[in-house]
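Engineer: Can you keep this structure in mind? I'll have questions shortly.
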Amino acid sequence: MRTSILRETSTPTRPPTRSTRYTLVREEPHIVAELCISDDPDYTRGYVCAGGIYTTVTHVKRPGDPHGGRVMLYDGPATGVASCIEWLQHAPVLVSDRR
């Protein structure tokens, strides 16, 4: 079993894995969905995750395009937005990968 802490493994030279990011988003109860498009110019897929279902989306950008991004859909009280952002940016999350 491999275990990592998101804040320790997320560096400019070693970004967090897709499953690590998904675990972080999944643990925030007011994030109801996430849309992601890779900024890797050679990776043209993205994904949507909602309701615990992870779906890969193919051909979301042209090969060679260096642009990407992430959208998280928040469904909670307006007064909770700042704490949600704070948690997503700073909370350590333990991720176990059983291989």
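Engineer: Looking for something loosely packed, with under 14 Cβ neighbours inside 10 Å and modelled with pLDDT under 85 - is there at least one such residue anywhere in the range 76-89?
Structural biologist: Yes, some residue in the range 76-89 is loosely packed, with under 14 Cβ neighbours inside 10 Å and modelled with pLDDT under 85.
Engineer: Still on this structure, please answer the following. Residue by residue through the range 46-97, note down the ones that are touching a helix residue (DSSP H, G or I) at 6+ places or on another chain (Cβ under 9 Å) and over 16 Å from Arg26 (Cβ atoms).
Structural biologist: Listed by number, the list holds a single entry, His90.
Engineer: When both residues are 6+ apart or on different chains and their Cβ atoms are under 7 Å apart, which pairs have a first residue that lies in the range 36-52 and is in a loop (DSSP other than H, G, I, E, B) and of a type in the set (D, E, K, R), and a second that is surrounded by 14 or more Cβ atoms within 10 Å (Cβ to Cβ) and modelled with pLDDT of 90 or more?
Structural biologist: Cβ pairs passing all conditions: Asp39/Gly68; Arg45/Val60.
Engineer: While we're here: Which is at pLDDT below 90, part of a loop (DSSP other than H, G, I, E, B) and loosely packed, with under 12 Cβ neighbours inside 10 Å, of Pro63, Pro16, Pro29?
Structural biologist: Working: Pro63 fails: at pLDDT below 90; Pro16 fails: loosely packed, with under 12 Cβ neighbours inside 10 Å.
The unique qualifying residue is Pro29.
The values are calculated or read from the model by the stated rules, or taken from the named source; none is laboratory data. If you're wondering where the values come from, they're calculated on a predicted model, not measured in any experiment. Here Cβ is always computed from backbone atoms with ideal geometry, including for glycine, and neighbour counts include all displayed protein chains.
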